[in-house]
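The values are calculated or read from the model by the stated rules, or taken from the named source; none is laboratory data. This structure is a prediction, so every number in the text was calculated from the model and none was measured. We place every Cβ from the backbone using ideal geometry, glycine too, and count neighbours over all the protein chains shown. When the accessible area is computed, the model is the full protein with side chains, heavy atoms only, and any ligands, DNA or RNA have been set aside. Shrake-Rupley method; radii C 1.70, N 1.55, O 1.52, S 1.80 Å.
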Amino acid sequence: MMLFIAPSAFCQSEVLKSVVNSLAFYKQKKDLKYLNSAKNSVDSLMKASPDSLDLERNVYKAVVYSSILYIDSLNSLKQPVQMFQQTADLVDRLQARRKSYKYQVELDYSKRCLANVYIRKGFAALNSSDYIAALQLFEAGKKYAPDFKQLAAYIAFTNNKLGNLHVAAKYYESLVGSDSTKAEYAVAAAGIYKSFGDTLSALNVLKKARKVLPNDKSLLLDEANIYTNRKDYSQLVNLLPALLDINTNNADIAFVAANCYDHLNQYDKAESLYLRAIELNSSAYDPIFNLGLLYFKQSKLPGDKDKTQDETRSAQWLERANEISPNEVNCLKVLKLVYEQEGNQSQINKVNNKLKQLTN
């Protein structure tokens, strides 16, 4: 957040010139002694004023004090601990004053300083794993910087750590859909919703994020995984071109795509992608088994012109799958059907014996 705007942007009377000049010197020199000088000047003015409620002087007290609190993070100026809360209370009182609108620039600046201090203290609490204190500090910071969206992410993260999952999801989701959308926020919200079994809310937040970030890989994968787990192939197929385009050498993605096309009876595409998955990972059982099963299904189709060839290819791939996982019952059962179709009794007997061993 923008801090320490030019003192010339502030409106001030002649009596406050020494305060503003000290702030200007700090801006130029970056020497804390000038902030200390500004504090001494404003403190002396407050003592000299017969009216302790003087709005302008109190506004500049807030500006100086909040500047020191933010800038002097190591407290080199040896300010008392209570200064932070006193400054926050002062800003709250000033903001409630009827004529505070005349000093909105100064008050907004002070609030940004305070918000940053709260954030800094919040991260210190996070580093100590004191999530309750961190949450309180971040929420206090949000009071002074309600438009600083990153704070919602800090609050979401802390609520997540505390197990306040519904709250965390809502905060993450509140960050999705605008130009400042980050994929990590949508993925985090979707992950929480999925942990509740609420895949509809997870999908909604992912789709909302993908409208802003249509080419983001993590969002695309997350949405595709949901459709895969739900076996919603009619929705998954719409994502496959983009999914394959950004994962050209990913065997798992090739298999997911092949399996989708297989379920939609688009066998040519399925065959090609099963072969691609096997090329990328020749030891994976699933694409090899599924390819053998695909050829078997094709051999059973009415009017299959390559029936014998499909039967042969089915047996070859299923036998290869059986070599990788010899105790997979489903593979053995399909192999038995293939051998029965071929009339290969000796192989049928071997498969039957193996199935008896596994099922008894």
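Of all residues in segment 206-246, those that are within 26 Å of S178 (Cβ to Cβ), among the β-branched types (V, I, T) and either under 15 Å from the mean Cα position of the chain (by Cα) or open to solvent by 20 Å² or more (accessible area, probe 1.4 Å) (or both) total 2. Consider segment 274-303 and keep the residues that are open to solvent by 30 Å² or more (accessible area, probe 1.4 Å) and of a type in the set (A, V, I, L, M, F, W, C). The one that is farthest from N247 (Cα to Cα) is L301.
So that you can scan it fast, the table gives a plain yes or no per residue for (1) modelled with pLDDT of 95 or more; (2) over 24 Å from T248 (Cα atoms); (3) of a type in the set (D, E):
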| residue | (1), (2), (3) |
| --- | --- |
| D262 | yes, no, yes |
| A277 | yes, no, no |
| N281 | yes, no, no |
| F289 | yes, no, no |
| L294 | yes, no, no |
| P302 | no, yes, no |
| T308 | no, yes, no |
| L318 | yes, yes, no |
| Y339 | no, yes, no |
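Annotation note: of R57, R97, R93, R120, the sole residue that is closer than 26 Å to L151 by Cα, of a type outside the set (S, T, Y) and in contact (Cβ under 8 Å) with a residue 40 or more places away in the chain is R120.
Could you say whether any residue in segment 60-74 is touching a Phe, Trp or Tyr at 6+ places or on another chain (Cβ under 8 Å) and among the acidic types (D, E)? Taking every residue of segment 60-74 in turn, none turns out to be touching a Phe, Trp or Tyr at 6+ places or on another chain (Cβ under 8 Å) and among the acidic types (D, E). Filtering segment 304-346 to residues that are among the β-branched types (V, I, T), surrounded by fewer than 13 Cβ atoms within 10 Å (Cβ to Cβ) and closer than 21 Å to D286 by Cβ leaves only V329. Selection of first residues in segment 328-349 that are free of Cβ contacts under 8 Å to residues at least 12 places away in the same chain and of second residues that are crowded, with 17+ Cβ neighbours inside 10 Å, restricted to Cβ pairs under 7 Å at least 6 apart or on distinct chains, gives the following pairs, ordered by first then second residue: E340/I348.
Could you tell me whether segment 39-46 includes any residue that is part of a helix (DSSP H, G or I), modelled with pLDDT of 90 or more and open to solvent by 70 Å² or more (accessible area, probe 1.4 Å)? There is no residue in segment 39-46 that is part of a helix (DSSP H, G or I), modelled with pLDDT of 90 or more and open to solvent by 70 Å² or more (accessible area, probe 1.4 Å).
For segment 140-154, the tally of residues that are in contact with a Gly (Cβ under 9 Å, 6 or more places away or on another chain) and in a helix (DSSP H, G or I) stands at 4. Where residues in segment 172-196 are of a type outside the set (S, T, N, Q) and open to solvent by 60 Å² or more (accessible area, probe 1.4 Å), which of them is nearest to D232 (Cα to Cα)? Checking each candidate, the answer is K194. Being modelled with pLDDT under 95 and over 30 Å from L219 (Cβ atoms) is true of Y109.
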